[in-house]
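Written out below as structure tokens is the structure these notes cover.
The values are calculated or read from the model by the stated rules, or taken from the named source; none is laboratory data. Small disclaimer: the values here were computed from a predicted structure and weren't measured. Here Cβ is always computed from backbone atoms with ideal geometry, including for glycine, and neighbour counts include all displayed protein chains.
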Amino acid sequence: MRGVIGGLDSPVPVIDRLPAVLQEDEFLQRFLGAFDTSLAPVFAVLDNLDSYLRPQTTPPDFLDWLAGWVDVELDAAWSVEHRRRIVAGAAALHRRAGT
């Protein structure tokens, strides 16, 4: 599952959004650094959101969630590639049916 990833830098450090006079405060630099560590995975997911919403590229643990969007129940015994094809096919089928 998603969570804190060690060594992942935040593309938008919180300290950079503060006025210059506050950016020099050592306590704020350390304090807000903790938020950057927690927010970096969120930014990483949002920056790559299209990859999460495509059956061909979504991480395997997101396939069940994505299948729920297209009203498909996946069997855990199926291979990941087969599950990806089922989800992609269901989206196309619903699109064709107009639902």
Exactly one condition in (1) surrounded by 15 or more Cβ atoms within 10 Å (Cβ to Cβ); (2) not in a helix (DSSP H, G or I) is not met by residue 88; state its number. (2)
Being over 17 Å from residue 10 (Cβ atoms), among the small types (Gly, Ala, Ser), out of contact with any Pro (no Cβ under 6 Å at 6 or more places or on another chain) and loosely packed, with under 11 Cβ neighbours inside 10 Å is the requirement here; does residue 97 meet it? yes
For the condition without any contact (Cβ under 8 Å) to a residue 60 or more places away in the chain and part of a loop (DSSP other than H, G, I, E, B), what is the one hit in 32, 8, 63? 8
Scan segment 54-69 and give yes if some residue there is among the β-branched types (Val, Ile, Thr) and out of contact with any Ser or Thr (no Cβ under 8 Å at 6 or more places or on another chain), otherwise no. no
I need the full set of residues from segment 11-29 which are farther than 24 Å from residue 48 by Cα and part of a helix (DSSP H, G or I), in order please. 20, 21, 22, 23, 26, 27, 28, 29
Look through 43, 27 and report the one residue that is at pLDDT 90 or above and at negative phi. 27
Restricted to segment 1-24, and to residues that are in contact with a Leu (Cβ under 8 Å, 6 or more places away or on another chain) and at pLDDT 85 or above, which residue is surrounded by the fewest Cβ atoms within 10 Å (Cβ to Cβ)? 22
For segment 63-84, the count of residues that are within 22 Å of residue 49 (Cβ to Cβ), surrounded by 12 or more Cβ atoms within 10 Å (Cβ to Cβ) and more than 20 Å from the chain's Cα centre (by Cα) equals 2
